[in-house]
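Participant: Before we start, here is the structure in question, set down as structure tokens.
The values are calculated or read from the model by the stated rules, or taken from the named source; none is laboratory data. Quick caveat: nothing in here was measured; it's all calculated off a predicted structure. FYI the Cβ positions are ideal-geometry reconstructions off the backbone, even for glycines, and counts take in every protein chain you see. Ligands, DNA and RNA are stripped out before the accessible areas are found, and what is left, the full protein with its side chains, is counted by its heavy atoms. Shrake-Rupley method; radii C 1.70, N 1.55, O 1.52, S 1.80 Å.
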Amino acid sequence: MTRVLVVDDAATVRLYHTSLLQEAGFEVAEAANGLEAVEAAMTTPFDLFVVDVNMPKMNGYACVETLRSETVGTAAPVLMISTEDRPGDADRAYQAGANLYLVKPVAAERLVRVATMLTAGKDPEA
Amino acid sequence: MPQLLDTDELIRRLDDPDPERRREAALELAGTPEAVPELLARVGLETEPRVRDAVLTTLAGHDSEAVAAGLAVHLASDEAGLRTAVAEALATMPGSVPSLLPNLLAAPDHDVRVMTAMVLADLPHPEAKSWLVRMITDDPHPNVVTAAIDALLPAASAEHIGVLEAAVLRFPDDPFLTFTVRAALPRLSGTA
């Protein structure tokens, strides 16, 4: 089964994303901030990371940079989802190592479609 | 035994090339009002997270309106680490943050209002829930309303059911907001 780690400090967002992805057949684990995500990734292999930007302890960009660093070294796709839609936010996400940056709210169908395509190695925006 | 440094020397050390010396200086400036302007100036300049956290910890200890206002400008920062660190610091300043709320709740940038909900989520103030209810009731942006709902839910009770249901009616096309409220209602109504 495809394993996804949902990373968000908002419990309601985690619940929402987890519910959608579980209904679509993914196995989902949760982390409340970037630090928890990095710790989880060091002990468990994931096929996809769904990561928020604004989080305490370690924000989303730092989290993705750490996931891509030699310390963790995961090549699994990363989908960043944030309320931030300023110019440059998406560039910052891609510089950190994200595969796709979406602005909230993301429709349920789109989240599942993007997650499915990313974990299948396809470009979800093609 | 370490030699105690005077305030001027500690302020000079905020620019030391060694991050550890900068961090120590920031922490040792706790309770020193004359260092506040220098510390505020470093918030947006300091690049080491551990040093910035020390600066913010020392500043938050003052819990004055001037410090809170000086920090709140960074809620609009393009740097995620800075704006979240500032939100965490403001959440520990219940004495001064309330004076900023009229401006923060009316900020034209909805991302600033989202960050304000994050501050209120952890602010130990008796009116924090009331301000979150006001955001849920009045804010025109669904992301702000969902952020405020998320902040309110851990402390919400049956009295908030009407506010939450009204938010769903205001944003009927926002699936996340609808999901969040529907998931919370059974617990709030005692039918979970």
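Participant: Please sort through the DSSP H helices of chain B and keep those with an alpha-carbon extent of at least 20 Å along the long axis and a Kyte-Doolittle average not below 0.0.
Facilitator: Details: long enough: B:175-189 (21 Å, 0.69).
Membrane-span-like by this rule: B:175-189.
Participant: Can you give the translational diffusion coefficient of region A:37-112 in µm²/s, computed by Stokes-Einstein from the Kirkwood radius over Cα pairs at 37 °C and 0.692 mPa s? Kindly include the intermediate steps, with their values, before the conclusion.
Facilitator: On the way: Rh = 12.6 Å.
Rounded, D is 260 µm²/s.
Participant: May I ask you to compute the full-extension gain from B:Arg134 to B:Ala69, defined as 0.36 nm times their residue separation minus their alpha-carbon distance, rounded to one decimal in nm?
Facilitator: Working: separation 65, 0.36 × 65 = 23.40 nm, distance 2.12 nm.
Extra length available between B:Arg134 and B:Ala69 comes to 21.3 nm.
Participant: Right, another one. Using heavy-atom solvent-accessible surface (probe 1.4 Å) with all chains present, what is the largest-first order of A:Met117, A:Met1, A:Met42, A:Met55?
Facilitator: Working: A:Met117 50, A:Met1 160, A:Met42 110, A:Met55 0 Å².
In descending accessible area the options line up as A:Met1, A:Met42, A:Met117, A:Met55.
Participant: Give the accessible area for A:Asp8 in Å² (nearest 10); use a 1.4 Å probe, count only protein heavy atoms, and leave out ligands, DNA and RNA.
Facilitator: Roll a 1.4 Å probe over it and A:Asp8 shows about 0 Å².
Participant: Right, next: So how much accessible area does A:Thr71 have, in Å² to the nearest 10, using a 1.4 Å probe?
Facilitator: Using a 1.4 Å probe on the heavy atoms, I get roughly 100 Å².
Participant: With n ≥ 4 as the cut-off for DSSP H runs, can you work out [θ] at 222 nm for chain B, using -39500 (n - 2.57) per run divided by the number of residues, rounded to the nearest 500? Before the final figure, lay out each step's value.
Facilitator: Numbers: 12 runs with 125 residues, N = 192.
Helix-only estimate at 222 nm: -19500 deg cm²/dmol.
Participant: Once the piece of chain linking B:Ile161 and B:Arg50 is laid out straight, how much longer is it, given 0.36 nm per residue of separation minus the C-alpha distance between them? Numbers along the way, then the final one.
Facilitator: Working: separation 111, 0.36 × 111 = 39.96 nm, distance 4.10 nm.
Between B:Ile161 and B:Arg50, full extension yields 35.9 nm more.
Participant: Any idea what diffusion coefficient region B:1-140 gets from Stokes-Einstein, in µm²/s, Kirkwood Rh on alpha carbon pairs, 25 °C, 0.890 mPa s?
Facilitator: Working: Rh = 15.6 Å.
Reported coefficient: 158 µm²/s.
Participant: Apply 1/(1 + (r/R0)^6) to the Cβ-Cβ distance of B:Ala106 and A:Arg3, taking R0 = 35 Å, and write down the FRET efficiency to the nearest 0.05. Don't skip to the end; give the middle numbers.
Facilitator: On the way: r = 43 Å, r/R0 = 1.24.
With R0 = 35 Å, the Cβ-Cβ based efficiency is 0.20.
Participant: Distance between Cα centroids, region B:1-70 to region B:119-192: provide it in whole Å.
Facilitator: First find each Cα centre; the distance between them is then 37 Å.
Participant: Filter the GluC sites (Glu not before Pro) in region A:18-126 to those in DSSP coil with at most 11 other Cβ atoms within 10 Å of their Cβ, and list the result. All intermediate terms of the calculation are to be shown ahead of the outcome.
Facilitator: Numbers: sites: A:Glu23, A:Glu27, A:Glu30, A:Glu36, A:Glu39, A:Glu65, A:Glu70, A:Glu84, A:Glu109, A:Glu125; in loops: A:Glu70, A:Glu84, A:Glu125.
Those that pass, being in a loop and sparsely packed, are A:Glu70, A:Glu125.
Participant: Let me see the pair-distance distribution of the protein assembly as shown: every alpha carbon pair, 20 Å bin width, integer percents in order.
Facilitator: 31, 55, 14, 0
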